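The next block holds one structure in the form of C-alpha cells; read it before the comments.
The values are calculated or read from the model by the stated rules, or taken from the named source; none is laboratory data. Note that the structure is predicted; figures quoted are calculated from it, not measured. Here the Cβ positions follow ideal geometry from the backbone for every residue, glycine too, while neighbour counts run over all protein chains shown.
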Amino acid sequence: MTATASYYSEEHHLFRDACRRFVAEEIAPHHARWEKEGKVDREAWLKAGEAGMLLTNIPVEYGGGGADFLTSAIFIEEMMGHVFTGPGFRLHSDIVAPYILNNASEDLKRHWLPKMASGEAIGALAMTEPGAGSDVQAIRTTAIRDGNHWVINGQKTFITNGQLADIIVVACKTDPKAGAKGVSLILVEADREGFKRGRNLEKIGLKAQDTSELFFDNVRVPATNIIGEEGRGFAYMMNELPRERLLVAISAVAVMESALKWTVDYTRDRKAFGKSLADFQNTRFKLAEVKTEVTVARVFLDDCIAKFLKGEFDVATAAMAKWWLTELQGRVVDTCLQLHGGYGYMWEYPIARAYADSRIQRIYAGTTEIMKEIVARSL
Ligand SMILES: Cc1cc2nc3c(=O)[nH]c(=O)nc-3n(C[C@H](O)[C@H](O)[C@H](O)COP(=O)(O)OP(=O)(O)OC[C@H]3O[C@@H](n4cnc5c(N)ncnc54)[C@H](O)[C@@H]3O)c2cc1C
C-alpha cells in the first residue's frame, strides 16, 4: 500500500518501479550484513548515484535529477516500506544537498552537488552537541575568522553518516555572544587537518546507520566554505526544517502501512487454538483500529504533501505532522508486534526492526515535545 494521491503522474509511477528494482537488487541483499557491521558499504552509495536515486530533487545543472519533491517522497517510501534504515540517503539528498543548493555560493554548489549526486561524496549535517540538542542556540562549537580562513573548534554528536561523510555542514558560533544570530553554517571537508571522527555509536535501532561523534581541533577551512551569509545559519535551519519533518512523516506512514500488511499476512497464517490468529475478535479489532489509524494518517500526510508542493506547508503543520505521525507510528508498530507474539521479537521478522527503528522518529529532527511547543506557539 503506497500513496495513490492525484498529484502522482505516470513518470512518478515509473520512478517508483525503478526505486523498487534498485531496493530489491542493491539494498535488500546487503542490509542484514550492514546491520552487523554498523555501516553501509560505500559501494551502495555509488550504485545509488548510478541508478539516479540520489539528489533527484536537485537541478540537472548541478548534477541532480531535476525532478520534483515527489521523487524524494517515493524513494523514501520504497526504502522505509522495508525498514531499510541503514543508508543515510534521505539526510544526504534531501537535507544536506538542499542546504547547499538554497544557500551556498555558486562555487560550492558546482563543486559538491555533482559529487553528491554520483555518491562519490557523502554528506552529513552536524548541529547537535553533547550539551545542546533541542536547544540549538546553545551550541558551543566556534568558527573564528583568521584572514581568509575559519578556524573551527568543538565537538558534535549523534551525527548521521558520521563515519562515512566526506563533507559535513557544521553549525558553528561565528559570534559566540550573539545567540541565534551568531550561528553560521560552514562546510567542512573530512580530510581537513584537525578533524577527527569519534566512535560509531551503538544504538538500540538503526543498526546499519553510522551515527558518530565528530571532533574539530583548530580545523582551518577557507572563508569561502561558509554556507550563505555569516550569522544566518539559524534562519537557514528554520527554513529547511519543515521539509525535513515532512520527510520523517513520510517514512512514518510508509512503515505503518508495511507493518499493517505484514501483520494481516502473519495473523492469517499463524494458528492457535485450532484457528488463525486473524479469526480471534481481538486480532480483528486491533487490525481494524490500525487500518483506520493508518488510513487517517495517509490522508493527513497526502494533504501535507499537497500543501508542500503548493508552497503552503507552514512550520506549525510540519510540526503537527512530525509529532503526530511518528507517535502514531510507535503505537501502530507496537500493536503489530504484539500480534506477532514471540516471533515479533525476533530480528529476522521485519516488525522487530520496525519496532527498534521507529523509536528514534519521535526524537530526531525535533522531539515530540519541541513540535508541540511549535504548534502551541502558532495558536
Ligand atoms: C540516531 C540519531 C541520529 C541523529 N542524527 C543527527 C544528525 O544527523 N545531525 C544532528 O545535528 N543531530 C542528529 N541527531 C540528534 C537529534 O536531533 C537530537 O538528539 C534531538 O534534537 C534531541 O536533542 P538531545 O538529544 O540533546 O535531547 P534534549 O534536547 O536534551 O532533550 C531531552 C528531553 O527533554 C525534552 N525537552 C527539551 N527541551 C524542551 C522544552 N523546551 N520543552 C519541553 N521539553 C523539552 C525533549 O523533548 C526530550 O524529551 C540524531 C540523534 C540520533 C539519536
task = Determine the pairs where a residue that is in contact (Cβ under 8 Å) with a residue 24 or more places away in the chain and of a type in the set (Ser, Thr, Tyr), located within the stretch 198-217, has a partner that is within 11 Å of the ligand (Cβ to nearest atom) and not in a strand (DSSP E or B) with Cβ atoms under 8 Å apart, the partner being 6 or more residues away or on another chain.
result = 211/162; 211/201; 211/203; 212/162; 212/201
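Kindly establish whether residue 248 is farther than 18 Å from residue 92 by Cα and either more than 23 Å from the chain's Cα centre (by Cα) or at pLDDT 95 or above (or both).
Numbers: farther than 18 Å from residue 92 by Cα: no; either more than 23 Å from the chain's Cα centre (by Cα) or at pLDDT 95 or above (or both): yes.
No, not satisfied.
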ask   = Identify, please: which residue in the stretch 100-133 is in contact (Cβ under 8 Å) with a residue 40 or more places away in the chain and of a type in the set (Val, Ile, Thr) and is, among those, farthest from the ligand (Cβ to nearest atom)?
value = 100
task = Kindly establish whether residue 365 is within 12 Å of the ligand (Cβ to nearest atom) and either assigned to a helix (DSSP H, G or I) or polar (S, T, N, Q) (or both).
result = no
message = Can you tell me which condition residue 126 does not meet? The list is (1) within 17 Å of the chain's Cα centre (by Cα); (2) more than 28 Å from residue 40 (Cα to Cα), and all the others hold.
response = (2)
message = Of everything in the stretch 65-91, what is among the acidic types (Asp, Glu) and part of a loop (DSSP other than H, G, I, E, B)? Give them in sequence order.
response = 68
inquiry  = Six or more apart or on different chains, Cβ atoms under 8 Å: show the pairs whose first residue is in the stretch 301-320 and without any contact (Cβ under 8 Å) to a residue 12 or more places away in the chain and closer than 19 Å to residue 366 by Cβ and whose second is among the hydrophobic types (A, V, I, L, M, F, W, C) and not in a helix (DSSP H, G or I).
reply    = 307/313
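Return the only residue of 224, 211 being at pLDDT 95 or above, surrounded by fewer than 19 Cβ atoms within 10 Å (Cβ to Cβ) and among the β-branched types (Val, Ile, Thr).
On the way: 211 fails: surrounded by fewer than 19 Cβ atoms within 10 Å (Cβ to Cβ).
On inspection, the qualifying residue turns out to be 224.
If a residue has to be part of a helix (DSSP H, G or I), without any contact (Cβ under 8 Å) to a residue 40 or more places away in the chain and of a type outside the set (Lys, Arg) to count, how many in the stretch 236-289 make the cut? Before you say what the answer is, go through the steps one by one.
Kept after step one, since they are part of a helix (DSSP H, G or I), are these residues of the stretch 236-289: 236-269, 277-279, 281-289.
Imposing the further condition that a residue be without any contact (Cβ under 8 Å) to a residue 40 or more places away in the chain reduces the set to 264-265, 268-269, 278-279, 281-282, 284-285, 288.
Filter again for of a type outside the set (Lys, Arg), leaving 264-265, 269, 278-279, 281-282, 285, 288.
Adding up the residues that qualify gives 9.
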ask   = Before we move on, is residue 326 part of a helix (DSSP H, G or I) and either within 16 Å of the ligand (Cβ to nearest atom) or exposed (fewer than 15 other Cβ atoms within 10 Å of the Cβ) (or both)?
value = yes
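Output the number of residues of the stretch 7-52 satisfying the condition of being outside any helix (DSSP H, G or I), of a type outside the set (D, E, K, R) and in contact (Cβ under 8 Å) with a residue 12 or more places away in the chain.
Going residue by residue through the stretch 7-52, those that are outside any helix (DSSP H, G or I) are 7-9, 28-30, 38-41, 51-52.
Checking the rest, the ones that are also of a type outside the set (D, E, K, R) come to 7-9, 28-30, 38, 40, 51-52.
Of the ones still in play, those that are also in contact (Cβ under 8 Å) with a residue 12 or more places away in the chain are 7-8, 28, 30, 38, 40, 51-52.
Summing the residues that are outside any helix (DSSP H, G or I), of a type outside the set (D, E, K, R) and in contact (Cβ under 8 Å) with a residue 12 or more places away in the chain in the stretch 7-52 gives 8.
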query = Just for strands (runs of 3 or more DSSP E) wholly inside the stretch 92-208: which have at least 3 residues that are surrounded by 15 or more Cβ atoms within 10 Å (Cβ to Cβ) and out of contact with any Cys (no Cβ under 6 Å at 6 or more places or on another chain)?
reply = 123-126, 149-160, 167-173, 183-189, 195-200
ask   = Based on what the data block shows, is residue 189 within 16 Å of the ligand (Cβ to nearest atom) and closer than 17 Å to residue 162 by Cβ?
value = no
